[in-house]
Structure formats: structure tokens, C-alpha cells
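Here the structure comes first, spelled out in C-alpha cells, and everything after it is commentary.
Computed from the coordinates by the stated procedures, all read-outs in this text should not be read as laboratory data. Predicted, not measured: the structure shown is a model, and the values here were computed from it. Neighbour counts are summed over all protein chains in view; Cβ atoms, including those assigned to glycine, are modelled from backbone coordinates with ideal geometry.
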Amino acid sequence: MPVAVLSAKVLKTLLCPVGQAKIDYHDAGCKGLMLEIRATGGRTWYLRYRDARGKQRQFRIADAQDLSIELARRRADELRTRIAMGEDPAVEKAILRAMPTFAEFIADRYMPFVKGYKRSWSTDDSLLRNHLLPIFGSRYLDQISRADIVSMHHGRRAAGAAPGSANRLLILLRYIFNLALKWEIPGIAKNPASGVPLFEENNKRERYLNREEARRLYSALESSENDLLRFIVPMLILTGARKREVLNARWGEFDIPRRLWRISKSKLGVARYVPMSDGLVRLLAIVPHVADSPWVFPSPKTGRPFVSIYYSWNTARKQAGMPELRIHDLRHSFASFLINAGRSLYEVQKILGHTQIHTTQRYAHLSQETLLDAANAAVDAVGGAFGFIAQGTMPAAQISA
């Protein structure tokens, strides 16, 4: 390989010998700088160096027509300095080439992963196709910045989306980039969605049944055209299970001697165990069995679990005078009953199958009676220290006056 002191004048005289595909000229004026001249007429600057393991590497700098000899030498000097500091430009370039676009990562890694465990993967698919892929699909993962994500988040809100709808997109992006970090995708060093604040959601309705409402509801269930609804709804209230978990329940999942209901596939895609109360055991004892059916609540029409019970549920709740009551409110009510009975958040979390305690806290409603009893505990502790307490309760008319 010829060595020459390269200059603009010398470069004009250099050619690729006849019969050769290419020839390399090394610059005597700059360590490692090399010019490749091809028979086709193409010319490219390269830097030859040894990496940290002593292996010789060759890094493409630029086409000679785009970079003069002076600029090529300057670039070679910069690269050698970085190499001396422990960096490897060839490795960095390989990482950039291997970096997937957002669309590629979703198609090749994310969706195959969530389809394997997440029952609600179709919701993610819809959010991605309709909102995130049109914005970020063609960008490489390392090109998506925090500012881009903030712009998407606020843009959805400005377009009229509810705070919760905009937040779902942000939460999904956080999860996607957390997986990229967990899977050690080369070039991904941080989560750009981390720390972006969620919009405050003031539209979360908290609805809990009391004993009288539960009585009225059960009365309406008994007259329902759906004969199984009077068993399905009480089971929801007595277990705090999700609607789909109850509708898909199989007789073989219940271990009466051990008082355990094994839900084979929960919302998170894994089995969980629900303790069977005395009330649940008595309820299951009166649920009619359908011969040769593994399902506890098979639809009379299909013999399989109900796809929906909305019509019969909607009729019953209206008859009970509670048209605003949602099926998921029965799960809220179960948590409320436990908390008001003095059970700990940890116990409620385990029964409901929550992975995070803050999820349970949203369900942990304390009734006014329980809070009043708690406040009166301070009165009992003070005792006779205050004279007016010893004299008895102040009449309500006198308080309002």
C-alpha cells in the first residue's frame, strides 16, 4: 500500500491502476488517514486504527469529493483523540445502524411480547395505530425526545381528548421505552417519557354500594330475565373479582376444602388466588349446574361464557333506582366493605390482585360512619378533660345557632 504526502495537487494525479478494483494511499502527513481510490472513479477517506482489544479497524470518514485533504486530516485527528479516550467510532456507527425505528420496535419486539401475556394487548394496538405510530413511527428510537413526547401529550389534550385519554398515551410510551431499556437496546440510555407529568384527572367517579342499595339491587336481580344474573352480580360483590374473571369462571377452579378460587388467567395474564368466603361457598352451592359444562355461568344460547351481560345488568340497575351504577363499581364496593370492616390495605391489595398499593388506595373508600367512629375515638381518649364532654352531647339546634 503506497504512502504519500497527500495534497490537493497530488490527489489530482492519483489513479487506480489498470486491472485493479481499488488501491489505498496512506497519508504520510496524518497518522492512520487513508484514501481509497476505486476503478469506478469513487474516492473515500478512511481512518485505520486499533481498538481497545488491539484489533485493527477501518472507519469510513467521508467521500473525498465532500471533504478536502485539510478537513479529512482534521477529522482524522478528532477521531484519534476520541479513540485515545476509550471511544470507538466504528462501534458507535454500528449502534446507529442497528437502531430500530419506533414502528420496527413495535412490530418486531413490543407487540409479540405483550401478546404473550397481556389480555388487553388489542387496546395497546389500537392506541399505537391510531395515535402514536402516525407521529413517531418513522423516527428512530433515539430520535424521540422528551420535547417530542410533551408535544404529543399536550397536542392530544388541545385536540379535545380527555385528560385520561391523553395520559394513556404517555403511560404507554413510558412502558415501551422502559422495555427498550430493560432489553438493553443499544443506543437507548434513558427513557424520554420519564418525568413527563400526567394531566390531573378529575373525572374519576367514585361509586360505592351501601347495604340498603345492595338489598334493592338483589331484589331487581331476582326478577331479571337472565336467570344467572342473580348469581353473577353477588359473586362480583362477594369477591371483588373483575367481570371477565367471574363470567369465565370454571367449576374446576374452586378448591372448597382449602377455600381458594384459582383464577387461571387474570388481567395480567397470570394465575391469582382469591379466598372463598362463607358467603361465596353458599352462593356456589345454589348455582345450578349444567351437565357436562365446565363453566359456572354458561350462556343458555351458546353453552359458553357470556360475551356480554349489559342488557340484563342495565335493566336491573335501573329497576333498583341506580342507573349510574357500573359493574366495576361492585369491585370498588368490595374494597370499601373490607376497609370499613377494619381490614388493611395490604389485605385488600392481595385479594384484589393489585401489583401496586396505590391502585388499591383508589378503591379504599371509608364510609362517613367509619370516619365518624374514628373521630369519636379522639373524644374517648380525651375523656373528662373537657367539661362540656362530660355534660353530654350538644343539641343540634344549639350547634346550628
> So how tilted is helix 163-182 from the main axis of the chain? Cα-based, degrees 0 to 90, rounded to 10.
Replying inline: 50
> Once both axes come from the Cα atoms, what is the angle between helix 328-340 and the longest principal axis of the chain, in degrees from 0 to 90, rounded to 10?
Replying inline: 70
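Which values, in whole Å and largest first, are the semi-axes of the equivalent ellipsoid of region 211-366 obtained as the square root of 5 times each eigenvalue of the Cα gyration tensor? Can you show the working numbers first?
Values: eigenvalues 110, 85, 39 Å².
For region 211-366, the ellipsoid semi-axes come out as 23, 21, 14 Å.
For Ala28 and Lys12 in the same chain, what is the full-extension length gain: residue separation times 0.36 nm, less their Cα-Cα distance, in nm?
This chain segment gains 4.1 nm when fully extended.
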> With θ set to phi - 60° and the Karplus curve 6.51 cos²θ - 1.76 cosθ + 1.60, what are the ³J(HN,Hα) couplings of region 236-249 in order, to the nearest whole Hz, using x for Gly and Pro?
Replying inline: 4, 6, 7, 10, x, 6, 6, 3, 5, 5, 6, 5, 8, 4
>> For Ala162, what residues show an amide H to amide H distance below 5 Å, using hydrogens built from the backbone and excluding near sequence neighbours?
In response: none
> With a sphere of radius 12 Å drawn around the Cβ of Ala103, what net charge do the other residues whose Cβ falls strictly inside it have (Lys, Arg +1; Asp, Glu -1)?
Replying inline: +1
>> I want the local charge near Val5. Using Cβ-Cβ distances under 15 Å, sum +1 for each Lys or Arg and -1 for each Asp or Glu among the other residues.
In response: +2
>> With a cap of 12 neighbouring Cβ atoms within 10 Å, and only residues DSSP puts in a loop, list the trypsin sites (Lys or Arg not before Pro) found in region 221-288.
In response: Arg258
> For helix 211-222, what angle does its Cα long axis make with the longest principal axis of the chain, in degrees from 0 to 90 and rounded to 10?
Replying inline: 90
>> If you take P(r) over Cα pairs in 20 Å bins from 0, in percent from the coordinates, which of (i) 22, 38, 24, 15, 2; (ii) 18, 33, 24, 15, 8, 1; (iii) 22, 41, 24, 11, 3, 0 do you get?
In response: (ii)
> For Arg139, which sequence-distant residues (separation of 5 or more, or a different chain) have an amide H within less than 5 Å of its own amide H, given hydrogens modelled in the peptide plane?
Replying inline: Phe102, Ala103
> Hey, got a sec? Which GluC sites (Glu not before Pro) in region 243-345 land in a DSSP loop and have at most 10 other Cβ atoms within 10 Å?
Replying inline: Glu324
>> Going by amide H atoms built from the backbone, whose H comes under 5 Å of the H on Arg250, apart from near neighbours?
In response: Val296
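Which value, in debye to the nearest 20, describes the size of the charge dipole of region 3-98 about its Cα centre when Lys and Arg Cβ atoms bear +1, Asp and Glu Cβ atoms bear -1, and nothing else is charged? Could you put the intermediate results ahead of the total?
Working: 19 positive and 12 negative charges, 36 e Å.
The dipole of region 3-98 has a size of about 180 debye.
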> Summing Lys, Arg as +1 and Asp, Glu as -1, what charge do residues with Cβ under 12 Å from the Cβ of Arg38 carry, Arg38 excluded?
Replying inline: -1
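With +1 on each Lys and Arg Cβ and -1 on each Asp and Glu Cβ, and nothing else charged, work out how big the dipole of the chain is about its Cα centre, in Debye to the nearest 20.
Working: 59 positive and 38 negative charges, 247 e Å.
Charge dipole, the chain, about its Cα centre: 1180 debye, nearest 20.
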> Do the sum for the chain: with -39,500 (n - 2.57) for every DSSP H run of n ≥ 4, divided by all residues, what is the mean residue ellipticity at 222 nm, to the nearest 500 deg cm²/dmol?
Replying inline: -13000 deg cm²/dmol
> Hey, what's the per residue convex hull volume over the C-alpha atoms of region 132-253, in cubic angstrom?
Replying inline: 202
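Reported to two decimal places, what Rg/Rh ratio describes region 69-122 when computed on Cα atoms with Rh from the Kirkwood expression? Intermediate results must be reported in sequence, preceding the final value.
Numbers: Rg = 19.7 Å, Rh = 14.5 Å.
So for region 69-122, dividing Rg by the Kirkwood Rh gives 1.36.
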> To the nearest Å, what is the center-to-center distance of region 130-148 and region 167-201, using C-alpha atoms only?
Replying inline: 12
